[in-house]
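Here is the structure we will look at, set down as structure tokens.
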Amino acid sequence: MLHNDEIEILAKELLAASDAGQMIAVLPSSRPGFDLDTAYAVEARLKQLRESAGHRPVGRKVGYANKAMWRVLKLETLVWAHMYDDTVHYSQNNAATLTVAHPRSLKIEPEIVFGLKAPIASGLDAAAALACVDWLALGFEIINCPFAGWQFQPSDFVASFGLHAALVVGERTSLRPESIAKLLDELPRFTLRMSRNGDFVEEGSGRNSLRSPALCLAELGAAILRRFPDQPLSAGEIVSSGTLTAGHKTKAGHRWTAEVQIQTLALPPLTLDMT
């Protein structure tokens, strides 16, 4: 693991590159001593720097919500990074317009977004995790990659804001306790259709988020507590629970629409115009 002064220097380098829209020529993971523990130390320092600049953390985003990838990348669980009050946006009438100030290489990912009403403890199953949820929504996460050719390691992902540029949240639908049992059955099976400028792009499914977004939420809560016991997922936090399709490259002029079929919630389609 890098020394504290090296972590400080790297965090400021990554923040400056993000603010300027610059690519990162040398992967953090190529530095001797840089590992996943170091990456989370850098992410924590980035959070402090952003807070010092007046930006409030409002939730966490998930990366690598696919167990097949864990085996390939030698991960024990998914990874995450913070989201902030200036990166999370709410649609109006399920439509939004977004400009990314310093784009490098952008992709869009449709996700299920959770708003929490209670902390996520360790060891919860999917039903218990959903009992901590206040609302669900359909969302678009925009990721902004600073690494050439989208080639990086999980530690690079964590140390670079989880590639997070923005999250656009659709209409929030309250989760009623009596609907949890039916929702547990639907979340692994529902389908999602993505279109760009009116043309069909891909169909995804809830199973692509760790077999179910509810399971992903439970896994995230447990993973955070194992690493940071004093920083649990808490009431009021927002969780972007992993992409339901492949990430698709995007740019100004694209209009994206996502439609889901979840009978329990009847989430309306979400449209995003990139400008």
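Worth pointing out:
- Given R0 = 25 Å, the distance between the Cβ atoms of GLU6 and GLU51 translates into a calculated FRET efficiency of 0.70.
- Only Cα pairs under 8 Å and 6+ residues apart enter the sum, and on that basis the relative contact order of the chain stands at 26 percent.
- Per-residue ellipticity at 222 nm computed for the chain from its helices equals -8000 deg cm²/dmol, with DSSP H segments shorter than 4 residues left out and the rest contributing -39,500 (n - 2.57).
- Normalised by residue number, the volume inside the convex hull of the Cα atoms of the chain is 120 Å³ per residue.
- Acute angle (nearest 10 degrees) that the helix 36-52 long axis makes with the longest principal axis of the chain, alpha-carbon atoms: 80
- Across GLU219, GLU13, GLU171, mean-square fluctuation computed from a Gaussian network of the chain (C-alpha pairs under 10 Å connected) peaks at GLU13.
- Beta bridges from DSSP with both residues in the chain: antiparallel share about 80 percent, rounded to the nearest 5.
- Principal-axis analysis of the Cα atoms of the chain puts helix 4-20 at an angle of about 60° to the longest axis.
- Nearest-ten-degree value, helix 213-227 long axis tilted from longest Cα axis of the chain: 30
- Pairwise Lys count, the chain - Cα closer than 18 Å, eight or more residues apart or different chains: 6
Each value in this text was obtained by applying a stated rule to the coordinates, not by laboratory testing. The shown structure was predicted, so the numbers you read here are calculated from the model rather than taken from an experiment. Backbone-built Cβ (ideal geometry, glycine too); neighbour counts: all protein chains shown.
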